[in-house]
1. Give the residue that is surrounded by the fewest Cβ atoms within 10 Å (Cβ to Cβ), with candidates limited to residues of the stretch 53-72 that are in contact (Cβ under 8 Å) with a residue 60 or more places away in the chain and under 15 Å from residue 112 (Cβ atoms).
2. Name the residues in the stretch 31-52 that are in contact (Cβ under 8 Å) with a residue 24 or more places away in the chain and either closer than 20 Å to residue 149 by Cβ or under 11 Å from the mean Cα position of the chain (by Cα) (or both), would you?
3. Against the definition (under 25 Å from residue 29 (Cβ atoms) and at pLDDT below 95), how does residue 93 come out, yes or no?
4. If you check 10, 31, which single one turns out to be touching a strand residue (DSSP E or B) at 6+ places or on another chain (Cβ under 6 Å) and modelled with pLDDT under 95?
5. Is there a residue in the stretch 130-142 that is at pLDDT 95 or above and in a strand (DSSP E or B)?
């Protein structure tokens with residue numbers, strides 16, 4: 001995946017949000033990127049579509065919708081509960097959906113992307129996990145704890 005910046009630079013009011021992957025300068029690791037590289041190609045495609053079709057256009061305006069929940073202290077959870085086809089169908093018009101084969105993209109995934117919003121329309125990807133693989137409350141608390149630690153590190157070193 002590499003360093004990811006979706007879309008154009010911020011364009012002011014009404015522009016797209018810039019999505020960046022946080023890298024821990026102390027260790028050189030990028031927890032979100034590590035998770036993304038290990039995810040299967042279908043999950044990667046869903047995440048790319050969510051970032052492009054949902055997060056970039058709306059950013060923090062997703063708060064209060066089924067897509068985003070505030071976890072407190074500047075940490076947010078992007079909640080993915082859709083198939084690739086459902087996410088891509090957010091594009092306008094039938095021509096935009098032509099790249100989705102009729103037989104592809106029906107598997108619904110349950111993912112959590114932990115982010116913070118900052119600066120001039122920047123979404124910083126901190127951490128993620130596949131909640132569908134382990135939907136337990138214990139796992140959710142553990143992953144939120146990791147994301148909180150990443151956010152605290154970013155604030156100290158960023």
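1. Looking at residues that are in contact (Cβ under 8 Å) with a residue 60 or more places away in the chain and under 15 Å from residue 112 (Cβ atoms), I get 71.
2. Of the stretch 31-52, the ones in contact (Cβ under 8 Å) with a residue 24 or more places away in the chain are 31-33, 35-37, 39, 42-47, 49-52.
Across the stretch 31-52, the qualifying residues are 31, 32, 33, 35, 36, 44, 46, 47, 49, 50, 51, 52.
3. Values: under 25 Å from residue 29 (Cβ atoms): no; at pLDDT below 95: yes.
So residue 93 fails the test.
4. Details: 31 fails: modelled with pLDDT under 95.
That would be 10, the only listed residue that is touching a strand residue (DSSP E or B) at 6+ places or on another chain (Cβ under 6 Å) and modelled with pLDDT under 95.
5. yes
The values are calculated or read from the model by the stated rules, or taken from the named source; none is laboratory data. Bear in mind that the values here come from a model prediction, so they are computed numbers and not experimental data. Every residue, glycine among them, receives a Cβ derived from its backbone with ideal geometry; neighbour counts consider all protein chains shown.
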